Amino acid sequence: FEAVAGDCRVRVNERDVGGHFDSYLPFDLDVTDALQAGENTVQVGVRDHKLWDRHEPGYPHMSAPYPTGSNTDGLNGIWQDVSLVRVPALRVRDVFVKPKVSADRLELELTIVNSGSSDRRVVPSVGISAWINDAQGDPMAHEEPAWHLGPELLTASGSAVDVPSQGEVMARMSLPVGDELALWTPDAPNLSAAVVSLAVDGQAVDRRYVRFGWREFT
């Protein structure tokens, strides 16, 4: 779910698989155990943030929405894309990009998950490219982003990582940037993309893409 405004609960085949309480942040749920062969039913229920408004002591005429700062613009319900994604048992669940411009280094923290029945050893690698906007005119007028990745500007391979069965590990990668990446500024919002791959015995088993800006605030 890219975004659901309100207290969201999700059921698959009458089984509660989880939920989320927010307005703007994406979230995902593992529905593997709730699936069945053939037809499946997905139900999504959303309750308004205002059901959880609370009155602060000493201020009976003022209420604060929960979570703090939510629902200030009247959003309710599913308002961004929803996808059903099949993923491999051994995969990159998250990539946290840390652009350290002052140190001329790009750092990545990879969360690697193994939901398989045996321990696995993987080797992560990453390729960095420019993210190129193909939208003509006003980008906000396009329902879907139009873009492509330029040639790889930076590449790196990490050390082998042992991921236990039904577990997860954090792997870190770091590479120098030099003058390869264009800085992001409000006047020139250049973007870059990292494509992280996992390999087992030299064979790729998963890839994950994330977009970022080469900028730093201090």
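The values are calculated or read from the model by the stated rules, or taken from the named source; none is laboratory data. Quick caveat, the model's predicted, so the values are computed rather than measured. For the accessible areas, the whole protein counts, side chains as well, though only heavy atoms, and no ligand, DNA or RNA atoms are used. Shrake-Rupley method; radii C 1.70, N 1.55, O 1.52, S 1.80 Å.
Sorted largest first by accessible area at a 1.4 angstrom probe radius, with every protein chain in place, the residues 153, 84 fall in the order 84, 153. Using alpha carbons only, the radius of gyration of the chain set against its Kirkwood radius gives Rg/Rh = 1.02. The convex hull of the Cα atoms of the stretch 112-158, projected and averaged over all directions, covers 5.7 nm². Stretching the chain fully between residue 35 and residue 152 yields a gain of 38.2 nm (0.36 nm per residue, less the alpha carbon separation). Take the chain with all the other protein chains still there, run a 1.4 Å probe, and you get 64 Å² of accessible area per residue.
Leaving ligands, DNA and RNA out of it, report the carbon-plus-sulfur percent of the accessible area of the chain at a 1.4 Å probe. Heavy-atom surface of the chain belonging to carbon and sulfur, 1.4 Å probe: 50 percent. Altogether, the Stokes-Einstein calculation at 20 °C and 1.002 mPa s, with the Kirkwood radius of the stretch 125-218 over Cα pairs as Rh, returns a diffusion coefficient of 138 µm²/s.
With the convex hull of its Cα atoms as the shape, the stretch 72-130 has an orientation-averaged projected area of 8.3 nm².
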